[in-house]
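Worksheet: the structure to be examined is printed underneath.
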Amino acid sequence: MQSSYRSYQPITPANNKLLKKRWDQKRYYTHRMNVQNASPVIDNNPPRTYMHLHLKLKKLQVEEERLATVERDNRILLEKIGYIMRTGGRVDNLNRDYTQKSLNKTKRQREILRITHENHAILKRISSKEPTYNHLQWEEEWKLNQIYKDNISKYNGPPRDAKQWKPPASKNNV
């Protein structure tokens, strides 16, 4: 029986054909293993699927909140309808929470503030000024004029001075 290593013809020159055959076979098997275990250069796997992209929890949460709001509003409306059915449904159209708003309010307030400042300035100027007329002299002149008037009038009333006045004598007491 002839061994197969004698019939083996190596590609590269070798001194020992048996060893050269073993080495070539070992290199071939390692090559085959490398080829079998080699990863592809092109990634042809499908992309990874992320559950948070498909499940969309935020959208579900928003939808759930919207449904809860609708349910709450429906319950409130149902309570209002029940109250109207029980009581006969009086209408209350007063809006007690409404406060009137004016677009001109700030301008009016500024104008009032300006006028108030001007009035205070005028009052200060008037208060600081000494009077030019003597009111005591005026009162004396008025009393003198009253005496003149009494002298020339037909009906003499009581005298201006209360100490000098005497009631007129009545006809029945005489």
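The values are calculated or read from the model by the stated rules, or taken from the named source; none is laboratory data. Quantities reported herein were computed from a predicted structural model and do not represent experimental measurements. Every residue, glycine among them, receives a Cβ derived from its backbone with ideal geometry; neighbour counts consider all protein chains shown.
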_Checking the conditions here, which among Tyr8, Tyr28 is out of contact with any strand residue (DSSP E or B) (no Cβ under 8 Å at 6 or more places or on another chain) and not in a helix (DSSP H, G or I)?_
Tyr8
_Residues satisfying the stated conditions in the range 81-131, i.e. in a loop (DSSP other than H, G, I, E, B) and either in contact with a Lys or Arg (Cβ under 8 Å, 6 or more places away or on another chain) or of a type in the set (Phe, Trp, Tyr) (or both)_ = Tyr98, Ser102
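Here's the yes/no breakdown for (1) among the acidic types (Asp, Glu); (2) modelled with pLDDT under 95:
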residue: Tyr8; (1), (2): no, yes
residue: Trp23; (1), (2): no, yes
residue: Thr49; (1), (2): no, yes
residue: Glu65; (1), (2): yes, no
residue: Ile76; (1), (2): no, no
residue: Ile84; (1), (2): no, yes
*asked:* Conditions first: (1) under 60 Å from the mean Cα position of the chain (by Cα); (2) modelled with pLDDT under 65. Lys124 passes all but one, so which condition is the exception?
replied: (2)
